[in-house]
Amino acid sequence: MTVVLDVQNVETFYGAIMALRGVSLSVEEGQIVTILGANGAGKTTLLKTISGVMDPEKGQITLLGERIDGRDPAEVVRRGLAHVPEGREVFPFLSVEENLRMGAFTRRDAQLGDDMEMVYGYFPVLRERRDQPAGTLSGGQQQMLAIGRGLMTRPRLMLLDEPSLGLSPILTDEIFDIIKRLNAEQGVTMLLVEQNANVALHTAHFGYVLELGRIVMAGTSERLLASEDIQEFYLGQQGETQRGQRRWKRRKTWR
């Protein structure tokens, strides 16, 4: 299996604060890999470091065998990486179609029309609103647009940062159904950051747990779903003592 992304011993700082502490992980071609962690764990910092928005102080990052750490974000996009940021960050005064075309700004091929049709096929509401300013879309529609814009780069790897943020459970299920379809039907490899651990682990093939800038656990989604720590601290399933009383502040053992 081809390793699309390899992160080795990466350290990233916000000023004097170390946000990532020797993070190492890999993503194989065709996989959906998820990063779980609480607020402040370093998940968004990790994605920004991979995509070139932030530079690591230490370590190296390779995309399809080529070093990308320290490179300009536009160059990282040209090498095959698309970053769908937290909060969507669409261009509010541009139309839906103009936003999608902005996703293809690094491309010089003649297949933009085919890819636009592919995006509209997965997100029919975007076709209906193609001439509408992006800032007037609902939150769920903006998330669809942000993913579609990322697809327009023809990525070898897509980074998704909190795609369910601010969405209803019904819209969250719809977005994640499309994420699974894109992976299965288009072969899009994905690195997914998501606080909804349940939906993330039922979508991904493999996962990592990030706490205070460190990877503390890794494994297949099935293994993580079976972990007592994941069940209690991320899925809200508390165990019981022999007296039938819930345990209080059980320490994490990451097993």
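Quick notes on this structure:
- Residue count for the stretch 72-87, restricted to those that are modelled with pLDDT under 95, in contact with a strand residue (DSSP E or B) (Cβ under 9 Å, 6 or more places away or on another chain) and open to solvent by 30 Å² or more (accessible area, probe 1.4 Å): 5.
- In the stretch 25-38, the condition of being open to solvent by less than 70 Å² (accessible area, probe 1.4 Å), among the aliphatic types (A, V, I, L, M), over 24 Å from Ser164 (Cα atoms) and not in a helix (DSSP H, G or I) is met by no residue.
- First in the stretch 3-19 and at positive phi, second anywhere and surrounded by fewer than 21 Cβ atoms within 10 Å (Cβ to Cβ), Cβ under 7 Å, 6 or more apart: Asn9/Gly22; Asn9/Ser24; Asn9/Lys58; Asn9/Gly59
- Residues in the stretch 210-236 that are hydrophobic (A, V, I, L, M, F, W, C) and in a strand (DSSP E or B): Leu210, Ile215, Val216, Met217, Ala218.
- Pair list, Cβ < 8 Å and 6+ apart or interchain, from the stretch 176-191 residues that are within 20 Å of Leu81 (Cβ to Cβ) to residues that are outside any helix (DSSP H, G or I) and open to solvent by 80 Å² or more (accessible area, probe 1.4 Å): Thr189/Arg156
- Listed by position, the helices (runs of 4 or more DSSP H) contained in the stretch 82-164 that have at least 1 residues being in contact (Cβ under 8 Å) with a residue 60 or more places away in the chain and among the charged types (D, E, K, R) are 139-151.
- Residue check for Glu232: touching a Lys or Arg at 6+ places or on another chain (Cβ under 8 Å), open to solvent by 20 Å² or more (accessible area, probe 1.4 Å) and of a type in the set (D, E, K, R): yes
- Any chance Asn183 is of a type outside the set (A, V, I, L, M, F, W, C), touching a strand residue (DSSP E or B) at 6+ places or on another chain (Cβ under 7 Å) and not in a loop (DSSP other than H, G, I, E, B): yes
- Checking each residue in the stretch 100-121 for being crowded, with 17+ Cβ neighbours inside 10 Å and not aliphatic (A, V, I, L, M) picks out Gly103, Asp115, Tyr120.
- Residues satisfying the stated conditions in the stretch 39-69, i.e. in a loop (DSSP other than H, G, I, E, B), on the phi < 0 side of the Ramachandran plot and in contact with a strand residue (DSSP E or B) (Cβ under 6 Å, 6 or more places away or on another chain): Ala41, Met54, Pro56, Glu57, Ile68, Asp69
The values are calculated or read from the model by the stated rules, or taken from the named source; none is laboratory data. No experiment lies behind these values; they were computed from the predicted model shown. Glycine also receives a Cβ, built like all others from the backbone with ideal geometry; neighbour counts cover every protein chain displayed. Protein only, heavy atoms only, side chains kept; ligands, DNA and RNA dropped before computing areas. Shrake-Rupley method; radii C 1.70, N 1.55, O 1.52, S 1.80 Å.
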